[in-house]
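Student: Mind having a look at this structure? Questions to follow.
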Amino acid sequence: MRKGWTLLLACVMTMTIVSGCGSDNTDGNGSAATDLPNVVKNNASASAGAQKVKLVLWHYYEKDIEDFVKKFNESQDEVEVTPNFVPFSDFKKQLTIGLSAGNLPDLVLVDNSDVAAFAAMGLFEDITDKVNAWADKDQFFEGPMKSGIYEGKNYSLPFVSNCLGLFYNKELLDQAGVNPPQTWDELKTTAKVLTKDGVHGFATSLLKGEEGTFNFYPWLIAAGGSPEKLNSPEAASAVDFLSGLLEDGSMSKEVINIGMSDIEKQFAAGKVAMMVNGPWQTTSIEKDNPELDFGIALIPQGKQNASVLGGENIGMIQGKNKEAAWKFISWALSADSVRSYEEVSGAFPPRKDVAADKKYTEDPSLKVWMEQMESAMPRGPHAKWPELSTALSTAVQAVLTGAASTTDALAEAQATVDEIMK
């Protein structure tokens with residue numbers, strides 16, 4: 001049942017080191033050249049006199065992307081893209097340095113939560129005109145498309161996506177005579193029933209920092225809240241719901257100190273009956289406990305269904321060859337190309353039409369993941385998302401550790417947010 005997703009996102013969860021620099025497709029005056037063909041003579045196999053625009057793509061994927069780009073290069077004779085690996089740990093730094101030094105690639109694959117910040121810095125080309133004229137623009141899930149928009153303009157498009165969902169131990173739920181919870185009230189009741197004999201009914205990482213914010217975000221959105229309005233009843237209800245699970249023992253107090261991979265270990269060991277986690281944990285679970293029978297369900301609904309969006313977007317660097325870059329982007333995000341890439345990488349498609357393929361509709365777990373993708377919303381998007389994330393994470397931690405009341409913690413967080421928004 002899980003064959004189609006056991007390799008899910010493994011290619012983007014492990015990072016190593018190398019860096020590259022971009023091409024400079026400009027005319028003699030330093031202006032971006034936009035006409036095809038351009039730059040370098042093609043090889044002898046191409047038609048006489050043909051030329052190819054040469055572009056560089058920065059990415060942090062350890063595998064699969066080279067073969068994918070090769071397919072594009074072989075599919076036409078106008079543009080040639082060279083993928084250059086830059087380690088995830090160094091990626092944002094290299095982009096920032098490159099922006100200052102004028103040494104950048106033509107295209108980048110970047111974490112979708114970073115798009116707004118780099119757009120505000122002037123890194124990305126505004127591609128709103130290209131997107132508006134693109135017949136495929138309405139084929140993408142709402143959240144992934146939103147992740148590439150900053151101040152009403154398109155600066156990137158979703159390449160691969162992921163989200164969080166609810167994992168549950170089928171044996172433990174069957175023994176307790178309960179079903180996977182569908183609402184917050186059901187989760188509270190079910191988690192309490194499952195908490196016994198050294199097993200906690202539920203877990204989600206609420207570690208301080210971006211990882212904790214990533215895991216808290218579905219609850220905030222499900223409650224109808226916003227990271228820009230933290231002193232709201234909606235934000236308070238999300239914090240209070242999770243703190244309530246801690247207080248009644250359904251969730252271990254360890255969740256404020258451990259990450260998603262640690263919670264996966266507990267789930268695989270049968271010490272946690274249900275957890276919110278990402279699809280990339282599937283391979284780890286099957287490795288840690290091959291005999292564990294587990295299922296996937298939607299994160300229980302608050303006022304609305306919600307999850308948080310992960311994954312990467314592709315954008316073009318401002319001032320580079322827009323026509324050539326768009327030729328690659330529109331090819332890479334076509335339905336056939338998305339199918340081709342997800343087939344070898346195990347990544348989730350950001351396109352609704354691809355998600356409707358039999359591969360996803362006939363596999364029970366993949367079907368749930370695709371349904372969850374419909375409600376997966378991006379963090380922000382905001383140019384100062386790291387600061388907003390820190391304010392949110394600090395408030396949640398203050399409440400869960402008992403350092404502050406929900407009202408006081410969120411009021412302090414809102415004061416920080418107000419300063420950020422100025």
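The values are calculated or read from the model by the stated rules, or taken from the named source; none is laboratory data. As the structure is a computational prediction, the values presented were derived from the model and not from experiment. Glycine gets a Cβ as well: all are built from the backbone with ideal geometry, and neighbour counts include every protein chain shown. These accessible areas exclude ligands, DNA and RNA; they are computed on the full protein's heavy atoms, side chains included. Shrake-Rupley method; radii C 1.70, N 1.55, O 1.52, S 1.80 Å.
Student: Compute the relative contact order of the range 65-172 as a whole-number percentage, counting only Cα pairs closer than 8 Å that sit 6 or more residues apart in sequence.
Tutor: Relative CO of the range 65-172 lands at 20 percent.
Student: Separate question: If I take every Cα pair under 8 Å that is 6 or more residues apart in the chain, average their sequence separation and divide by the length, what percent do I get for the relative contact order? Present the calculation step by step, with values, prior to reporting the outcome.
Tutor: Numbers: 842 pairs, mean separation 109.8, N = 422.
With pairs under 8 Å counted, the relative contact order is 26 percent.
Student: Sticking with this one: For the pair GLN182 and GLU362, how long in nm is the line joining their label points, each one 7 Å along Cα→Cβ?
Tutor: 2.7
Student: Return one quarter of the surface area of the convex hull spanned by the alpha-carbon atoms of the range 120-259, equal to its mean projected area, in nm².
Tutor: Average of the hull's projected areas for the range 120-259 equals 11.3 nm².
Student: Along each of the three principal axes of the Cα atoms of the chain, give the extent in whole Å, ordering the values from largest to smallest.
Tutor: The Cα atoms of the chain stretch 75, 49, 37 Å along their principal axes.
Student: May I pose another question? Give me the dipole magnitude in Debye, nearest 20, for the range 196-268 about the Cα centre, with unit charges on the beta carbon: positive for Lys and Arg, negative for Asp and Glu.
Tutor: 20
Student: Of all the Cα-Cα pairs you can form in the range 218-332, what percent are over 21 Å apart? Intermediate results must be reported in sequence, preceding the final value.
Tutor: On the way: 3733 of 6555 pairs.
When every Cα pair of the range 218-332 is considered, 57 percent fall beyond 21 Å.
Student: Here is a further query. Gaussian network model of the chain, Cα springs within a sub-10 Å range: biggest mean-square fluctuation belongs to which of ALA355, ALA135, ALA398?
Tutor: Answer for the Gaussian network model of the chain: ALA135.
Student: Per residue Cα convex hull volume for the range 86-131, in cubic angstrom?
Tutor: Given the Cα convex hull of the range 86-131, per-residue volume reads 87 Å³.
Student: Okay, next question. Roughly how many Å is it from the Cα centre of the range 389-419 to that of the range 345-381, as a whole number?
Tutor: 33
Student: In terms of the Cα gyration tensor, with a ≥ b ≥ c the square roots of its eigenvalues, is the range 241-309 rounded because a/c is under 1.5, prolate because a/b exceeds b/c, or oblate?
Tutor: oblate
Student: I'd like to check one number: the per residue accessible area of the chain, probe 1.4 Å, reported in Å² as a whole number. Show your work: numbers first, answer last.
Tutor: Details: 17540 Å² over 422 residues.
Computed with neighbouring chains in place, this is 42 Å² per residue.
Student: Consider just the alpha-carbon atoms of the range 289-368 and return their Rg together with their Dmax, both in angstrom.
Tutor: For the range 289-368, the Cα-based Rg and Dmax read 16.9, 54 Å.
Student: State, to one decimal in nm², a quarter of the convex hull surface area for the C-alpha atoms of the range 300-347, i.e. the direction-averaged projected area.
Tutor: In nm², the orientation-averaged hull projection of the range 300-347 is 5.6.
Student: Shifting gears a bit: By how many degrees, between 0 and 90 and to the nearest 10, does the Cα long axis of helix 385-400 differ from the longest principal axis of the chain?
Tutor: 10
Student: How large, in percent, is the carbon and sulfur part of the accessible surface of the chain at a probe radius of 1.4 Å?
Tutor: 48
Student: Can I ask one more? Which residue, GLY302, GLY102, GLY143, tops the fluctuation ranking in a GNM of the chain built on C-alpha contacts under 10 Å?
Tutor: With Cα springs under 10 Å in the chain, the top fluctuation among GLY302, GLY102, GLY143 is at GLY102.
Student: Provide the gained length on full extension for the span GLU323 to VAL193, in nm with one decimal, where the gain is 0.36 nm per separating residue minus the Cα-Cα distance.
Tutor: Taking GLU323 through VAL193 to full extension adds about 40.9 nm, to one decimal.
Student: For the chain, with the dipole built from +1 on Lys and Arg beta-carbon atoms and -1 on Asp and Glu ones, taken about the Cα centre, which of LEU109, THR190, HIS200 lies farthest toward the positive end?
Tutor: LEU109
Student: Among LYS287/LYS358; LYS188/LYS287; LYS93/LYS146; LYS265/LYS359; LYS130/LYS352; LYS137/LYS422, which pairs are too far apart, with a Cα-Cα distance over 22 Å?
Tutor: Over 22 Å apart, Cα to Cα: LYS287/LYS358; LYS188/LYS287; LYS93/LYS146; LYS265/LYS359; LYS137/LYS422.
Student: Right, another one. Among DSSP beta bridges lying fully in the chain, give the percent that are antiparallel, nearest 5.
Tutor: Working: 28 of 42 bridges.
Of all bridge pairs located within the chain, approximately 65 percent are antiparallel.
Student: Which one of VAL368, VAL396, VAL115 has the biggest mean-square fluctuation once the chain is modelled by GNM with Cα springs under 10 Å?
Tutor: Maximum among the listed residues: VAL368.
Student: Counting only protein chains, not ligands or nucleic acids, how are THR406, THR390, THR195 ordered by accessible area (probe 1.4 Å), most first?
Tutor: Listed by decreasing accessible area, they come as THR390, THR195, THR406.
Student: When DSSP assigns beta bridges and you keep just the ones with both residues in the range 165-314, what percent turn out antiparallel, to the nearest 5?
Tutor: Of those bridges, close to 75 percent are antiparallel.
Student: Right, here's the next one. Using the Cα centre of the chain as the reference point, and only Cβ charges (+1 on K/R, -1 on D/E), how large is the resulting charge dipole? Debye, rounded to the nearest 20.
Tutor: 160
Student: Over the range 279-422, what number does the Rg to Rh ratio reach, with both radii from the alpha-carbon atoms and Rh per Kirkwood?
Tutor: Ratio of gyration radius to Kirkwood radius: 1.06.
Student: When only alpha-carbon atoms are used, what values of Rg and Dmax, in angstrom, describe the range 368-422?
Tutor: That works out to 14.1, 40 Å for Rg and Dmax.
Student: Would you list, by chain and number, the aspartates and glutamates whose Cα falls below 20 Å from the Cα of LYS70, excluding same-chain residues fewer than 8 positions away?
Tutor: Here the aspartates and glutamates satisfying the reach criterion relative to LYS70 are GLU62, GLU78, GLU80, ASP106, GLU312, GLU323, ASP336, GLU342, GLU343.
Student: Starting from one equal scatterer on each C-alpha and no solvent at all, send me the Debye-based log10 I(q)/I(0) for the range 128-178 at q = 0.21 Å⁻¹, two decimals.
Tutor: With one equal scatterer per Cα and no solvent, log10 I(q)/I(0) is -0.77.
Student: Length gain on complete extension for the stretch GLU62 to ASN132, per 0.36 nm per residue less the alpha carbon to alpha carbon distance?
Tutor: 22.0 nm
Student: Hey, could you grab the Kirkwood Rh for the range 176-227? Inverse mean 1/r over distinct alpha carbon pairs, Å, one decimal.
Tutor: Values: mean 1/r = 0.0798 Å⁻¹.
Over the range 176-227, the inverse of the mean reciprocal pair distance is 12.5 Å.
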